[in-house]
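Readers should treat all values here as calculations from the given coordinates under stated rules, not as data from a laboratory. Bear in mind the structure is a predicted one, so any value in this text is a computation, not a measurement. Quick reminder, even Gly has a Cβ in these numbers, built from the backbone with ideal geometry, and neighbours come from all protein chains shown.
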Amino acid sequence: MSDYLNRVYDILVETCGASEYWRDNFLQTMADGDCREYRFQGDLGFGGKLYRTDRVYVGYYPEDKTPERDAMVAAANERIAALNGKDSA
């Protein structure tokens, strides 16, 4: 599980500007399996989150919407879907 979560966080860092400072917190928080959303912020602003429902995906607040942020989210979600062996989210 920790290898998977580290790879997910790598994607957040590389595509959405998540801070390396919060990696350990992310790993600890997400490892228990009960956490359904994690606010990583990064270049998506305060609303930048990773969601874990029936799928794992990135989103952010609609009021912060920009073409650049949409592109970041699309890239992150595509890479996460590929990591999960599924089509793009």
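Tabulated values for the structure
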{"read-out": "Amide H within-cut-off set for Tyr61, under 5 Å, with H built and near neighbours excluded", "value": "Gly47, Gly48"}
{"read-out": "Simple label model, 7 Å out from Cα along Cβ direction - Thr29 to Asp54, nm", "value": "2.5 nm"}
{"read-out": "For the range 20-30, 3J(HN,Hα) per residue [Karplus equation, 6.51 cos²θ - 1.76 cosθ + 1.60, θ = phi - 60°, Hz, x = Gly/Pro]", "value": "4, 4, 9, 4, 4, 4, 4, 4, 5, 5, 7"}
{"read-out": "Long-range HN-HN contacts of Ala18 with modeled amide H, under 5 Å", "value": "Val13, Asp43"}
{"read-out": "Difference of contour (0.36 nm per residue) and Cα-Cα distance, Tyr61 to Ser2", "value": "18.5 nm"}
{"read-out": "For peptides 32-45, 4-17, sequence by mean Cβ density within 10 Å, most packed first", "value": "4-17, 32-45"}
{"read-out": "For the chain, fraction of C-alpha pairs farther apart than 14 Å, in %", "value": "60 percent"}
{"read-out": "Segment Asn84-Glu20, extension gain: residue separation times 0.36 nm, minus the distance between their alpha carbons", "value": "20.8 nm"}
